[in-house]
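Reviewing the structure listed below.
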Amino acid sequence: MSQRSPSLTSVAVLREHLAAALAGAMRRPEPEAVALTADRVKAMAVALAGRDPAAEVDPEALEVGTRQAAIILGFHPEHVRRLIRSGRLRARRVAGDYRVALSDVWPYLEVRYREPGRRRLRHRQPGG
């Protein structure tokens with residue numbers, strides 16, 4: 001009997017949770033809440049695309065490549081690379097491409113729904 005890490009979830013179960021989160025958001029009266037939830041569901045779905053439904057993943061450790069990050073954010077892949085090279089988006093280099101943690105993508109999604117005048121991101125200092 002193999003022991004499962006408490007943070008691991010099957011891709012199929014995670015997809016069910018995402019569908020339920022989106023359905024719940026659709027019932028909310030705030031358009032920003034619906035839009036932010038839809039963006040987060042999209043990001044997770046992109047990160048899970050092509051994975052075996054029986055595979056187990058840690059949702060907190062999901063990463064995407066440069067192209068997938070661009071799809072999620074609505075940016076050109078080269079813009080994502082510029083964000084990475086300038087230190088505004090953390091990533092690690094793997095086999096000639098960058099891997100970006102979804103947790104580092106969330107602030108770029110959330111800033112879209114802040115009130116005008118409060119849309120700037122506060123960038124993390126390297127090593128912090």
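The values are calculated or read from the model by the stated rules, or taken from the named source; none is laboratory data. Predicted, not measured: the structure shown is a model, and the values here were computed from it. For neighbour counting, all protein chains shown are included, and Cβ atoms are generated from backbone atoms with ideal geometry for every residue, glycine included.
Overview of values
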{"quantity": "Within region 14-45, tally of residues that are surrounded by 14 or more Cβ atoms within 10 Å (Cβ to Cβ), hydrophobic (A, V, I, L, M, F, W, C) and more than 21 Å from Y113 (Cα to Cα)", "calculated": "1"}
{"quantity": "Flag for V13 being within 17 Å of the chain's Cα centre (by Cα) and among the aliphatic types (A, V, I, L, M)", "calculated": "no"}
{"quantity": "Within region 42-128, helices (runs of 4 or more DSSP H) holding 1 or more residues that are in contact with a Phe, Trp or Tyr (Cβ under 8 Å, 6 or more places away or on another chain), modelled with pLDDT of 95 or more and among the charged types (D, E, K, R)", "calculated": "77-85"}
{"quantity": "Selection count where residues are over 14 Å from A101 (Cα atoms) and among the hydrophobic types (A, V, I, L, M, F, W, C), scope region 46-59", "calculated": "3"}
{"quantity": "So V11, is it modelled with pLDDT under 95 and in contact with a Lys or Arg (Cβ under 7 Å, 6 or more places away or on another chain)", "calculated": "no"}
